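To start, the structure under review is shown below, and the notes come after it.
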Amino acid sequence: MTQHDLHEDNRVSWNLATEAHNSHKHDQAAFFRAGGSTLFPDEIELLGDLRGKSLLHLQCNAGQDTLSLARLGAAVTGVDISDTAIAFARQLSSDTEIPASFERADIFDWLAATERHFDVVFVSYGALVWLSDLQAWGRGIARVLKSGGRLVLMEFHPVYGIFENDWELTYDYMGGTHLRFGGVGDYVALSGDVLAPSGYEQGVVEFNNPHPSHEFCWGVADIVSALLDAGLLLRVLREYPYSNGFKRFADMRELPGGRFTVPEGMPQLPLMLGLVAQKAE
Ligand SMILES: C[S@@+](CC[C@H](N)C(=O)[O-])C[C@H]1O[C@@H](n2cnc3c(N)ncnc32)[C@H](O)[C@@H]1O
């Protein structure tokens, strides 16, 4: 299979999963109209003041975070491969009257073709595992950043990704190993209210996605090297002992603010990675 075929499989799988995810979220337009935001304090801190900035949100899914970023004063563009996600994002932007531009595309094609340049590129929560070529990703981001512009990444930590079945060591840590899975699952149902701040609804029950998906294992050095090799300067690198909004395993402990951490008695692990990389002035 070519890289393009793998991404197409993921598009089809994400289309169905996005419907299931949104089925659990009560009236999102009303939530935003009432001033709601789906962002966590950790990314807001790394993003800094967004007023008057142009911002590209890569792999924006159904646009909830993109609209929340617009609310902070940025002129936002969201790009995602999923037709369902982009249709939903456009509808939500229209229903809430929060201005945003959404484009459906494979980010590799989009980053290579666009002539636009941005002050900020934002990538977050469950994005990198879908990328088959991290070096091309780094080059694409460097290409679309303005001089002095910054990439802000808030991602689940690669260490978190090596476990399955309640903390059994299962997957490679690094190197881009290709993993084939049955289909993108319904992680919103697992996390409940935390990923449905507008209110949780039962929605789709026992979701079973028949469309296969492809993920890739990237370690911290793979991520940082992709950015350094593309000429970006590393400004901030953080590890967090909790994961925002994602209860991956049933025994995880919930902390205030929608954070989840390891069960009682387990040594602390890095569960999120925060990073800022800048294009030289
Ligand atoms: C876990 S979601 C990211 C959620 C996102 N952080 C948000 O704000 O909601 C991963 C997203 O990556 C998208 N995706 C996967 N591969 C892609 C590709 N090659 N190009 C563009 N989007 C892709 C999927 O469609 C999905 O919406």
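The values are calculated or read from the model by the stated rules, or taken from the named source; none is laboratory data. Quantities reported herein were computed from a predicted structural model and do not represent experimental measurements. Every residue, glycine as well, gets a Cβ built from its backbone with ideal geometry; the counts of neighbours run over all protein chains shown. Please note that ligands, DNA and RNA were not included when accessible areas were found on the heavy atoms of the full protein model with its side chains. Shrake-Rupley method; radii C 1.70, N 1.55, O 1.52, S 1.80 Å.
Other residues with beta-carbon under 14 Å from the beta-carbon of TYR173 carry, at +1 per Lys or Arg and -1 per Asp or Glu, a net charge of -4. In terms of overall dimensions, the C-alpha atoms belonging to region 180-230 reach 45, 28, 14 Å along their principal axes, ordered largest to smallest. All alpha carbon pair distances within region 82-233 were sorted into 5 Å bins beginning at 0; the resulting P(r) in whole percents reads 2, 8, 12, 18, 19, 17, 13, 8, 2, 0. Put a dot 7 Å past the Cα of ALA250, heading toward its Cβ, do the same for HIS211, and the two dots end up 2.9 nm apart. Report note on the peptides 100-106, 234-240: ranked by the mean count of other C-beta atoms within 10 Å, highest first, their order is 100-106, 234-240.
Accessible area per residue for region 44-91, computed on protein heavy atoms with a 1.4 Å probe, is 33 Å². Rg and Dmax, both from the Cα atoms of region 1-85 and both in Å, are 14.7, 46. Between MET1 and GLU97, residue separation times 0.36 nm minus the direct Cα-Cα distance comes to 30.4 nm.
In this rough spin-label picture, where each label sits 7 Å from Cα along the Cβ direction, the LEU228-THR170 distance is 3.2 nm.
Counting only Cβ charges, +1 for Lys and Arg and -1 for Asp and Glu, the dipole size of the chain around its Cα centre is about 920 debye. For region 43-163, the residue among VAL152, LEU72, HIS117 whose Cα projects farthest onto the positive side of the dipole built from Cβ charges is HIS117. For the chain, a Gaussian network of Cα nodes joined below 10 Å ranks ALA112, ALA85, ALA20 by mean-square fluctuation, and the top entry is ALA112. May I ask which residue of GLY245, VAL204, ALA230 lies farthest towards the positive end of the charge dipole of the chain, with charges of +1 (Lys, Arg) and -1 (Asp, Glu) on Cβ and the Cα centre as origin? Projecting each Cα onto the dipole axis, the largest value belongs to ALA230. Rounded to the nearest 5, the antiparallel percentage of DSSP beta bridges internal to the chain is 60%. Where only DSSP H runs of four or more residues are counted, the chain gives -9500 deg cm²/dmol as its mean residue ellipticity at 222 nm, each run worth -39500 (n - 2.57). Rg and Dmax over the alpha-carbon atoms of the chain stand at 17.7, 51 Å. The Cβ shell under 15 Å around ASP80 holds other residues with a net charge of -4, Lys and Arg each +1, Asp and Glu each -1. When the chymotrypsin sites (Phe, Trp or Tyr not before Pro) in region 1-32 are filtered for DSSP coil states and for at most 15 other beta-carbon atoms within 10 Å of their beta-carbon, no site remains. Within the accessible area of the chain, the carbon and sulfur atoms contribute 52%, probe 1.4 Å, all protein chains present. Working note: Karplus 6.51/-1.76/1.60 with θ = phi - 60° gives region 164-180 the couplings 8, 6, 6, 6, 7, 5, 10, 10, 4, 7, 8, x, x, 3, 8, 10, 9 Hz, where Gly and Pro are set to x. With protein chains left intact and a 1.4 Å probe, residues in region 176-281 average 49 Å² of accessible area per residue.
Under a straight-distance cross-link criterion of Cα-Cα below 16 Å, which aspartates and glutamates are reachable from LYS247, leaving out those fewer than 8 residues away in the same chain? The qualifying aspartates and glutamates are GLU155, GLU164, ASP166, GLU168, ASP186, ASP193, GLU264. Which one of GLU215, GLU43, GLU115 has the biggest mean-square fluctuation once the chain is modelled by GNM with Cα springs under 10 Å? Sorting by GNM fluctuation, first place goes to GLU115.
For region 51-150, the Kirkwood estimate of the hydrodynamic radius, built from every pair of different alpha carbons, is 13.5 Å.
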